[in-house]
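Read through the structure below, which is laid out as C-alpha cells, and then see the notes.
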C-alpha cells in the first residue's frame, strides 16, 4: 500500500483518536492523577467491548466558531492483544460513512461515492500507537509512555462533574499535529465523556460521548463493511 497523504492521514487519524479513555473514581487534587491512572489499569484488565453515541465538532480559532460537525455511533472490541474499532458517521444522511480499523488497516466507506478508501496504518505506526493507548482498554501505564499527564481538577460537563486531564505528547512528531489533548473523565462511570484536541494553529476538535455501554455483546456484522452495489476499493 502507498503511504497516506498528509490531508488524508489527518482525516483517518481523527477517526482513530482517543475516543473513550477508561477512567477513574473522584479524587482530591493531591492524589487525583494517580487514582485515575490506577483505575485505568484496573479497567483495562477487564475490558472486552465498548460502544457509544458521539458528536465530533471542529472549531476555527481565527473566527472562534464551529466549522464542522459529525454524529453517529462508535464501537470497540478487544481481539487477542489488539483493539478493533468501527464507526458509523452521519448514518441517516447522504454523506453517511462507515469506518473500520482492524488488522493494521483503516477502511472508510462513503455511501455517496460508493468508494472504499483503504489505508495502511503501519506507515504512521508511532502516531497510531500513541493514540490507541488513549482508547478503550488501554492502561494508565501505557498512556504515560506516550504523554506527559497532569490532573487539572474537575469541570462541569453537561451537569455532572468530571475529572480533567491535560496530556502533552512526548513525541515531537505527534506534537507537530496535536500539542495538547484534554480529557474529561466521568467520576461515576469511569470513562471519558469529552475530549479536546488542540492543533498547532489553535484550531481544535471537541468530541462528546453519550449512552456509553461497556462489555456488552456487539454483533459481528458491526465490524464488517456492508456496501451498496459493487464498491470500488482504493488503496493509499
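Things to note:
- Selection of the stretch 128-147 for residues being assigned to a helix (DSSP H, G or I) and at pLDDT below 70 yields 128, 129, 130, 132.
- Qualifying residue in the stretch 79-87 (condition: in contact with a helix residue (DSSP H, G or I) (Cβ under 8 Å, 6 or more places away or on another chain) and in a helix (DSSP H, G or I)): no
- Condition met for residue 188 (surrounded by fewer than 18 Cβ atoms within 10 Å (Cβ to Cβ), assigned to a helix (DSSP H, G or I), modelled with pLDDT under 90 and out of contact with any strand residue (DSSP E or B) (no Cβ under 9 Å at 6 or more places or on another chain)): no
- Boolean, residue 153 is in a strand (DSSP E or B) and either in contact with a strand residue (DSSP E or B) (Cβ under 7 Å, 6 or more places away or on another chain) or at pLDDT 85 or above (or both): yes
- Pairs with Cβ under 8 Å, 6+ apart, first in the stretch 147-162 and at positive phi and in contact (Cβ under 8 Å) with a residue 12 or more places away in the chain, second surrounded by 14 or more Cβ atoms within 10 Å (Cβ to Cβ) and not in a strand (DSSP E or B): 153/32
- Residues in the stretch 156-185 that are surrounded by 19 or more Cβ atoms within 10 Å (Cβ to Cβ), in contact with a helix residue (DSSP H, G or I) (Cβ under 8 Å, 6 or more places away or on another chain) and either at pLDDT below 85 or not in a strand (DSSP E or B) (or both): 163, 174, 185.
The values are calculated or read from the model by the stated rules, or taken from the named source; none is laboratory data. Bear in mind the structure is a predicted one, so any value in this text is a computation, not a measurement. Please note: Cβ atoms are built from the backbone with ideal geometry, for glycine as well, and neighbour counts cover all protein chains shown.
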